[in-house]
Structure formats: structure tokens, C-alpha cells
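The values are calculated or read from the model by the stated rules, or taken from the named source; none is laboratory data. Nothing here was measured: the structure is a model prediction, and the numbers come from that model. Note that we place each Cβ from the backbone using ideal geometry, even for glycine, and neighbour counts take in every protein chain shown.
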Amino acid sequence: MITATIYVDDRPFSGIDYEAEDNTQPPPAFRPGFHNYNWGGGRDVLKFGGEPYKIESRRNLQSYLDRIMSRIDDGTIKGKVVRIELGDEG
């Protein structure tokens with residue numbers, strides 16, 4: 001199993017803030033369904049800075065990276081460099 005950490009412009013991704021709520025409406029390509037005009041769900045709030053979050057497994061890495069990239073695509077996160085550092089397999 002791999003372990004990894006993600007950095008966006010040298011700021012470490014430090015996990016999800018479950019106390020906060022993001023009601024930013026994503027662009028149509030990221031919404032479920034073709035006619036879903038009444039999008040009412042919030043997205044997870046991603047935290048950056050502090051201690052890097054240790055991501056375990058390829059599937060989790062892909063999930064967090066997808067979340068980060070969708071925020072960059074819709075402009076809610078500004079970033080030019082996304083770096084993934086892989087740890088030891090164990």
C-alpha cells in the first residue's frame with residue numbers, strides 16, 4: 001500500500017474540515033444529473049497548511065486529488081503547482 005502527501009503551491013494538504021461547509025455551486029460538468037438546477041449539497045472543505053495529511057492507498061490518493069483538481073478547475077482554490085510525495089510502502 002502506498003502512502004502520499006499532496007502539496008499545492010508548497011502548502012501541504014492537511015485533510016478535510018468537517019466543521020465547515022462549502023456551498024459554492026460547482027460548474028455543470030461536476031454536478032450529478034443533466035437537469036440538476038437545484039443543487040443544494042455542500043462540498044467538503046479542504047484544509048491547507050500545518051501538518052500534511054498522510055493519505056493511504058491509491059484509491060484515497062485519487063479521491064483527494066480529484067477533489068483538489070475540481071476546486072482548481074472551478075476557481076475556488078488557486079494553485080499553479082500540485083506536488084505529490086510518495087512515502088514508503090508498508
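Some observations on this one:
- For the criterion of being out of contact with any helix residue (DSSP H, G or I) (no Cβ under 8 Å at 6 or more places or on another chain), among the charged types (D, E, K, R) and modelled with pLDDT of 95 or more, Asp17 fails.
- Among the residues of the range 45-71, those identified as under 14 Å from Val8 (Cα atoms), exposed (fewer than 13 other Cβ atoms within 10 Å of the Cβ) and among the small types (Gly, Ala, Ser) are Gly49, Gly50.
- Residues that are part of a strand (DSSP E or B), within 15 Å of the chain's Cα centre (by Cα) and either at pLDDT below 95 or surrounded by fewer than 11 Cβ atoms within 10 Å (Cβ to Cβ) (or both) do occur in the range 23-43, at least one of them.
- Hits in the range 63-80 - residues which are among the aliphatic types (A, V, I, L, M) and within 26 Å of Met1 (Cβ to Cβ): Leu65, Ile68, Met69
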